[in-house]
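K.L.:
Got a structure for you, written out below as structure tokens; questions coming shortly.
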Amino acid sequence: MKFTLSWLKEHLETDASVEDILYALTDLGLEVEEVSNPAERLRDFTIGKVTRAEKHPDADKLRVCQVETDEGSTQIICGAPNARAGITVVVAKPGTYVPGIDTTIGVGKIRGIESFGMMCSEREMELSDEHDGIIELPSGEVGERFTDWLAANDPAKVDTVIEIAITPNRPDALGVRGIARDLAARGIGVLKKEQIDPIQGNFPCPVNVSIDEDTRDQCSVFYGRVIKGVKNGPSPRWLQDRLKAIGLRPISALVDVTNFFTFDNNRPLHVFDADKVAGNALRVHRAAGGETFEALDDKTYTMSEGMTVISDANGVESLGGIMGGIHSGCTDETVNVFLEGAFFDPIRTAYTGRALKINSDARYRFERGIDPLWTPKGIDAATKMIMELCGGEPSEVFIAGEMPDHSRAYRLDTDRVQSLVGMVIDPDVQRKTLSDLGFSLDGDMAHVPSWRPDILGEADLVEEVARIASLSKLQGQPLRRSTAGVPKQILSPMQKREQIARRAIAALGYNECVTYSFIDHASASLFGGGQDVTKLENPISSEMSHMRPDLLAGLLQAAQRNQDRGFSDMALFEVGPAFHGGEPEEQHLQVAGLLIGRTGPKDVHGENRAVDVFDAKADVEAVLAALGTPAKTQVLREGASWWHPGRHGRICLGPKKMLAVFGELHPKILRDMDVKGPAVAFTIWPENIPMPRQTIATRPALHLNDLQAVERDFAFVVDQSVDALTLINAAAGADKDLIASVRLFDEFKGGSLGADKKSLAITVRLQPTQATLKEEDIKALSDKVIEKVTKATGGELRV
Amino acid sequence: MEELRAKFINAIAEAGDEAALEDVRIAAVGKKGEVALKMRELGKMSPEERQVAGPALNALKDEINSALAARKASLADAALEERLRSEWLDVTLPARRRGQGTIHPVSQVTEEVTAIFADMGFAVAEGPRIDSDWYNFDTLNIPGHHPARAEMDTFYMHRGEGDTRPPHVLRTHTSPVQIRTMEKTGAPVRVICPGGVYRADYDQTHTPMFHQVEGLAVDKDISMANLKWTLEEFVKAFFNVDNVELRFRASHFPFTEPSAEVDLRCSWADGQLRVGEGDDWMEILGSGMVHPKVLAAGGIDPEQWQGFAFGMGIDRIAMLKYGIPDLRSFFDSDLRWLRHYGFAALDQPTLHGGLAR
């Protein structure tokens, strides 16, 4: 909402400075977004008089002028065709910033002759587009500030323009008068009395208006009158200046009048050319659907059923509360005008405007709510202005429908301000605040003014009182602790787990990313998503059309971008939600890590190598351990399609409960996502890891044994298809008490073993608990290890 | 005897390596060495002679042994010196690489905020990112026609043919978590709700996803003055300053009443923010007293309970605190950015250890 200071002062009697007004506006909740003060910008320009002007000896188009200024006579070279002796001009002396050419004037030589300033055109001072020559003022004293001259002779040019943000609850502040009312309540001046005299019609209104019975809740009341014999044309300067200052384009006197009241009093009006209203009757009704309508913005709209439209015998002429039609609009030829002021329902207006995507000043106001009771006054005030600007003779006012009754009252509990806000405000001050805002007080009951549709309860009264008193006066008061003593742990076990996962992975050298929750359809599809239920109805781009089914998709895209930047090796991770459906509960937490390229750049130690599955496995195991995963997990295959079929493993507790997966990404995925491999990754589902059963902090006792541990190595030849883990588990099972650990230290293929065989070598560590092991004990145990392993794997001891 | 002594002491001193020294040892004090031979001669001597020669021989043997040991040690030292001389390395060579991981500023700042509010008794609540329009709007006093709905640039989920329910939304704020929490715990309640939110907007200062933290405190007697104190304490702790000045400015949010935007007194110099001084005011959050309709929607009787709520941008306060210029860069995963603005794994923010290193 834009307005000018002088417009505000039409409603507000005040001596307050602009700064005070701006501060109060923002503090009242009418946040000042932009202030444009031309006087500030032009304060250094002064008035001068050209006493002599001679042709520049070396340039035909330049003149050497002697100009009388407040600092005496000075020489200025000027190229304007109208620069001549005797004219009164505006001078920018050296040091003055000229906004229109974005230059600070200095002393300079032009073709060998010194120049001590500049005489300006209107465009150079950003006053207008006028640039045919320098300004010639009809009056003005040498040395006078140009802005003072403007203030006296052309005040609109130095009017401060203020733009404020309007919160949806304050339609009243969409009119200058509403803004003035708030300021007056705050004590910034006095609200001027409204002077609108009823205008009697001289003849019955020749246009008949009806509202269909089923449309009464969409348009409860419609006021209209014809003014005949008007002469339309450009509106006068003051009105044009005012509209231009707030960014509106003057159209014609009749249209400008309606725009004036839209902004002056939040009262949108519409003018029809009465001679174009077919059948001399307008009918307000619900659209049947399918009608088309050519609006004032030159676009054609198709109505949906139920939209509020105004039709004549030819069809739809206006979209109620949103925009008029081009066919029945006023033009310079209009001689009989029909003025409309109606009350359109906010909800219906909002839906219609949204459906047709029309953003008009009228829609903006009707959907927030106008003051219905001011409608007759608006009609009279606009009639008066039309008659002043265009002449004409008014008809009587035709009224269709009934004024809606929005009257209501709420109890003002003056203690409530203190208990809810924590401010002490005298009850009398509270009452005065409300009455300044237009509430009428009847005992404790505050009757809400018709222009405040947002006031819907006692809490709203408190808000008004506190707002006008100024929340900036609020003093903080300590919030009582909710529990005495040391605060308890507040993170849930899963929240704690998320933090641990994040920091454990970062400690392993990964960089955490936060990527968008939505990705493109192709990438989503590669990772098992991309279904319609996870599709956004209104994505901002096709790159962000579907909710991500898996974090790896986003990480691979991030890797691809980094490869484009010249990074070939990287470790990225993310912790966040993935979406397996479109319902609120179809979201789960994932922890994903991605390793790409080599373990490091080429280095002097020659130890770098391509990342492989076992890097990912090491990292996933470290993170799982940090999350408290039980030791006994299985590694299964047959994971999702985006893994290399032979090079991935699912870490599971039982066949159904998958805790994590690690592996090499499928080459097709890398190809489709344009990522250069090698790429290995892991994904963890922290919610699947069982929570520890016991919550006590005590650890089991530590039993240290002084007896000497013994290690024995074994090598077995097994089929290639045998899992190492099967062999290790079998060996460990040979004696659960004595065998402390089984470590696999070698895998060998080829040689004399044959194509489908491999050799696996393990170290078994025996830790006696009762007595030192004798050679025969060790022999017996070794035999048992061999027996167990050969039985479980079908292999044999390598000799 | 003296001759013998001089010969061996001299030979020991001249032995150039351990082998030569061993030869001297065997020749001198070995089983068949000259000293041993002399010892054997003792038996042939008279007791008187023996009385003199015995101790002298023993002393000689000891002396030679000590000299041998000393020479051996000095030879070993010399050999070690020699080896070390050849073991010189250029220690300015680069070390073996160790990956440096980082924590994203959004995660770090979320933990900082959590640490501060935890001390004031606020738990952490979470909720779904895809939510019903009921939770995202209706329960928060934003009915279907409310202009705030249109202004929120909401992302809607696709609705399949025949599914007549209103489309779900990507939550536009973390406020629906307030409602879900109130439904679950009732009053009194104190929670913060951090997390990602979504709005269909993308330009220099907006991204379609960003992060918010919502705060909610409901009790019998919580007032807006408590809200102001809570936020003052938060800002002091978060920006690590002793004094802050907050300005409450009347505003409007459908879910609070009264509502206030909160500005922070600050100054900007060379892109650095200084909190608590200067002449600038910077808007940092929106807040207010929970609207009675919102309490009721959460199943809490507004006649008995009242409280405050606030919401602020996590990315935004991260940008302010750490001088990060561009919001869009948060979600770009540029390695250079992650390494520059990220935090070390062990740099976990705590109140006792400090919120930032």
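K.L.:
Can you list residues whose amide H is under 5 Å from A:V209's amide H, if they're 5+ apart or on another chain and H is modeled 1.01 Å from N?
P.N.:
A:L282
K.L.:
How high is the FRET efficiency between A:T331 and A:D197 when r is their beta carbon distance and R₀ equals 51 Å, given to the nearest 0.05?
P.N.:
According to the calculation, E is roughly 0.95.
K.L.:
For segment A:527-612, state which trypsin sites (Lys or Arg not before Pro) are in a DSSP loop and have at most 12 other beta carbons lying within 10 Å of their beta carbon.
P.N.:
A:R565, A:K602, A:R609
K.L.:
Just to check I understand the Karplus step: with θ = phi - 60° and J = 6.51 cos²θ - 1.76 cosθ + 1.60, what whole-Hz values come out for segment A:498-505, glycine and proline as x?
P.N.:
Per residue, the Karplus-derived 3J(HN,Hα) values read 4, 5, 5, 4, 4, 6, 5, 5 Hz.
K.L.:
P(r) for segment A:710-797, please, calculated from all Cα pair distances in 5 Å bins and given in %.
P.N.:
3, 15, 28, 23, 15, 9, 5, 2, 1, 0
K.L.:
If a/c stays under 1.5 just call it rounded; otherwise compare a/b with b/c (prolate if a/b is bigger, oblate if not). Do that for segment A:602-709, with a ≥ b ≥ c from the square roots of the Cα gyration tensor eigenvalues.
P.N.:
oblate
K.L.:
Using alpha carbon centroids, what distance separates segment A:733-770 and segment B:281-357, in Å?
P.N.:
Their Cα centres are 53 Å away from one another.
K.L.:
Just to check I understand the Karplus step: with θ = phi - 60° and J = 6.51 cos²θ - 1.76 cosθ + 1.60, what whole-Hz values come out for segment A:393-409, glycine and proline as x?
P.N.:
10, x, 8, 5, 8, 9, 10, 10, x, 10, 4, x, 9, 9, 5, 7, 9
K.L.:
Another question about this same structure. For segment A:493-688, build the charge dipole from Cβ charges (+1 Lys, Arg; -1 Asp, Glu) around the Cα centre, then report which of A:P584, A:Q531, A:Q560 sits farthest towards its positive end.
P.N.:
A:Q560
K.L.:
Against the globular-protein guess of 2.2 N^0.38 Å, express the Cα radius of gyration of segment A:507-619 as a ratio, rounded to two decimals.
P.N.:
1.21
K.L.:
Same structure, new question: Tell me the relative contact order for segment B:2-86 as a rounded percent, counting alpha carbon contacts under 8 Å between residues six or more apart.
P.N.:
Details: 48 pairs, mean separation 28.5, N = 85.
For segment B:2-86, the relative contact order is 33 percent.
K.L.:
Quote the relative contact order of chain B in percent (integer), defining contacts as alpha-carbon pairs under 8 Å separated by 6+ residues.
P.N.:
For chain B, the relative contact order is 16 percent.
K.L.:
Considering amide H positions built from the backbone, and no H for Pro or chain starts, which residues 5 or more places from A:E126, or on another chain, come under 5 Å of its amide H?
P.N.:
When sequence neighbours closer than 5 places are left aside, the close amide H contacts are A:G100.
K.L.:
Moving on. Determine the relative contact order of chain A: mean sequence separation of Cα pairs under 8 Å and six or more apart, normalised by residue count, in whole percent.
P.N.:
Relative contact order comes out at 8 percent.
K.L.:
Residues in segment A:116-130 near a label at A:S6, defined as backbone nitrogen under 19 Å from the 7 Å Cα→Cβ point?
P.N.:
Answer for this model: A:122-123, A:125-130.
K.L.:
While we're here: Please report, in Å, the Rg and the Dmax of segment B:291-357, where both are computed over Cα atoms only.
P.N.:
Just the Cα atoms of segment B:291-357 yield Rg and Dmax of 18.8, 54 Å.
K.L.:
Would you please name the trypsin sites (Lys or Arg not before Pro) within segment A:453-531 that are DSSP coil residues with at most 15 other C-beta atoms within 10 Å of their C-beta?
P.N.:
Numbers: sites: A:R467, A:K473, A:R480, A:R481, A:K488, A:K496, A:R497, A:R502, A:R503; in loops: A:R480, A:R481, A:K488.
Here the sparse-neighbourhood loop sites are A:R480, A:R481, A:K488.
K.L.:
Same structure, new question: Which distance in nm do the two modelled labels at A:E776 and A:I696 give, with both placed 7 Å along the Cα-to-Cβ direction?
P.N.:
4.4
K.L.:
Counting only chymotrypsin sites (Phe, Trp or Tyr not before Pro) that are in a DSSP loop and have at most 16 other C-beta atoms within 10 Å, tell me the longest site-free stretch of chain B.
P.N.:
Between the exposed loop sites, the longest stretch runs B:203-357.
K.L.:
Less than 14 Å Cβ to Cβ from A:E294, Lys/Arg counted +1 and Asp/Glu -1: what total charge do the surrounding residues give?
P.N.:
-3
K.L.:
Further question: Residues with amide H under 5 Å of B:M209's amide H, sequence separation 5 or more or different chain, H placed in the peptide plane at 1.01 Å from N; which?
P.N.:
B:R199
K.L.:
Continuing with the same structure: Could you compute Rg(Cα) / (2.2 N^0.38 Å) for segment A:362-505, with N its residue count?
P.N.:
It is 1.78.
K.L.:
Largest first and in whole Å, give the semi-axes of chain A's equivalent ellipsoid, each being the square root of 5 times a Cα gyration tensor eigenvalue.
P.N.:
79, 39, 30
K.L.:
Calculate, in nm to one decimal, what A:D415 and A:E543 gain on full extension: separation in residues at 0.36 nm each, minus their alpha carbon distance.
P.N.:
Full extension of this stretch gives 40.6 nm more.
K.L.:
Taking Rh as the Kirkwood radius computed over C-alpha pairs, what is the Stokes-Einstein D of segment A:1-139 at 20 °C in a medium of viscosity 1.002 mPa s, expressed in µm² per second?
P.N.:
Once the numbers are plugged in, D ends up at 125 µm²/s.
K.L.:
Testing the spin-label approximation: label points 7 Å from Cα along Cα→Cβ at A:S73 and B:R97. State their distance in nm.
P.N.:
About 8.1 nm, to one decimal.
K.L.:
Another question, then. Calculate the length of the line joining the C-alpha centroid of segment A:141-193 to that of segment A:1-41, in whole Å.
P.N.:
5
K.L.:
I've got another one for you. Can you give the log10 of the normalised intensity I(q)/I(0) at q = 0.22 Å⁻¹, computed with Debye over equal Cα scatterers of segment A:718-760?
P.N.:
Those come out to -0.74, one per q.
K.L.:
In a Debye calculation with equal point scatterers on the alpha-carbon sites of segment A:208-401 and no solvent, what is log10 I(q)/I(0) at q = 0.08, 0.11 Å⁻¹?
P.N.:
-0.22, -0.43
K.L.:
Here's a follow-up. What list of ³J(HN,Hα) values in whole Hz, one per residue of segment B:161-172 in order, does the Karplus curve 6.51 cos²θ - 1.76 cosθ + 1.60 (θ = phi - 60°) give from phi, with Gly and Pro shown as x?
P.N.:
Per-residue couplings from phi come out as 3, x, 8, 8, 5, x, x, 5, 10, 7, 3, 8 Hz.
K.L.:
Hey, another quick one. If you keep only loop residues by DSSP, which trypsin sites (Lys or Arg not before Pro) in segment A:660-741 have at most 10 other Cβ atoms within 10 Å of their Cβ?
P.N.:
A:R693, A:K736
K.L.:
Ok, one more. What average number of partner chain Cβ atoms lie no more than 10 Å from the Cβ of the residues making up B:110-122? Each step should come with its number before you reach the end.
P.N.:
Values: counts 1, 4, 0, 0, 4, 1, 0, 1, 5, 3, 6, 8, 4.
Averaged over the peptide's residues, the number is 3.
K.L.:
Against the longest principal axis of chain A, how steep is helix A:18-27, in degrees 0 to 90 to the nearest 10, with axes from Cα atoms?
P.N.:
40
K.L.:
Here's another thing I want to ask about it. Return the calculated 222 nm mean residue ellipticity for the protein assembly as shown, to the nearest 500 deg cm²/dmol, obtained by summing -39500 (n - 2.57) across DSSP H runs with n ≥ 4 and dividing by the residue count.
P.N.:
Calculated at 222 nm, the ellipticity per residue is -9000 deg cm²/dmol.
K.L.:
Using only the alpha-carbon atoms of chain B, report the extent along each of the three principal axes, biggest first, to the nearest angstrom.
P.N.:
131, 52, 42
Read the figures in this text as sums done on the coordinates, not as results from a lab. Remember, it's a predicted structure, so these values are computed and weren't measured experimentally. Methodologically, a virtual Cβ is constructed for each residue, glycine included, from the backbone with ideal geometry; neighbour enumeration extends over all protein chains shown.
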